[in-house]
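Take a look at the structure below.
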Amino acid sequence: MAYQASHFPSLELLICRCLFHLPIALLLKLRGDPLLGPPDVRGRACLHALLNVLSIGCAYSAVQVVPAGNAATVRKGSSTVCSALLAFCLESQRLSGYDWCGLLGSTLGLIIIVGPGLGTLQEGTTGLYTALGYVLAFLGGLALSLGLLVYRSLNFPSCLPTVAFLFGLVGLVGSGPGLFMLQTPVLPKDPLSWSCVGAVGILALVSFVCVSYAVTKAHPALVCAVLHSEVVVALMLQYYVLYETVAPSDIMGAGVVLGSIAIITAQNLSCEREGQVEK
């Protein structure tokens, strides 16, 4: 929405988002914690921040060349599949039958949404840019899944506020010079643009904190699968706010995604209740 309102460059949107993370430094100072984390895990914490910055940068760039719903679809789908494979290979974590059912169902829903669009790519420059947008969305999902696994390896006091601050710091340092070298900054010109930028910063910060907390409680692939709800929201915004066409396959795929999320949520809630009863 911010891009449609004022054609914000992707790096400028990323910088605006990072600015909302920097005030977390005050919380760390009040608690007496180091801003960059303990020395023994500082490298992994910075790697986590870098991976998240790359993920968001790829996502924002993809939205500028492909429909928002399709970009979110490819990013979330790739993050889910990569999270499942990486967690299985690196952490030897297994999923239950219900989890696999929900995971495969959500992936099927994403394929239903994005499949028809991939089959109608135009030839020439337009088709090349569209294909590049899908590649960026895929790389954004891959970076997200790697970042979630790195975060699960971090275990120290004030871990969540530390990585949130580092995301803002790394994103600002990395994107600032690139904005003036590769793109042209755009100043918001109307209240709608300012509102969109503020919403991007606030909602993105809330999303970052919630996802980081959730991945410590559940399998990364399941967290990514539940995040597929972002695709449904993106399709709604695409239709009602951006006035872009939503195909019947998009609606069908969104229904499959929501059903799969319901399966995953119900299974994990039932397992949690059984664990409490056993205790």
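The values are calculated or read from the model by the stated rules, or taken from the named source; none is laboratory data. The model shown is predicted, which means the values in this text are computed figures rather than measured ones. With ideal geometry, Cβ positions are generated from the backbone for all residues, glycine too; neighbour counts draw on all protein chains shown.
Contact annotation: residue pairs with Cβ atoms under 7 Å, 6 or more positions apart or on different chains, pairing a residue in the range 187-204 that is surrounded by 14 or more Cβ atoms within 10 Å (Cβ to Cβ) with a partner that is in a helix (DSSP H, G or I) and not hydrophobic (A, V, I, L, M, F, W, C), are PRO188/SER6; SER193/SER6; VAL200/ARG17; GLY201/ARG17; ALA204/ARG17. In summary, helices (runs of 4 or more DSSP H) completely within the range 162-262 and bearing 3 or more residues that are closer than 16 Å to ALA59 by Cβ occur at 191-214, 229-240.
Applying the criterion of at least 2 residues that are modelled with pLDDT of 85 or more and touching a Cys at 6+ places or on another chain (Cβ under 9 Å) to the helices (runs of 4 or more DSSP H) found wholly in the range 54-157 leaves 125-152.
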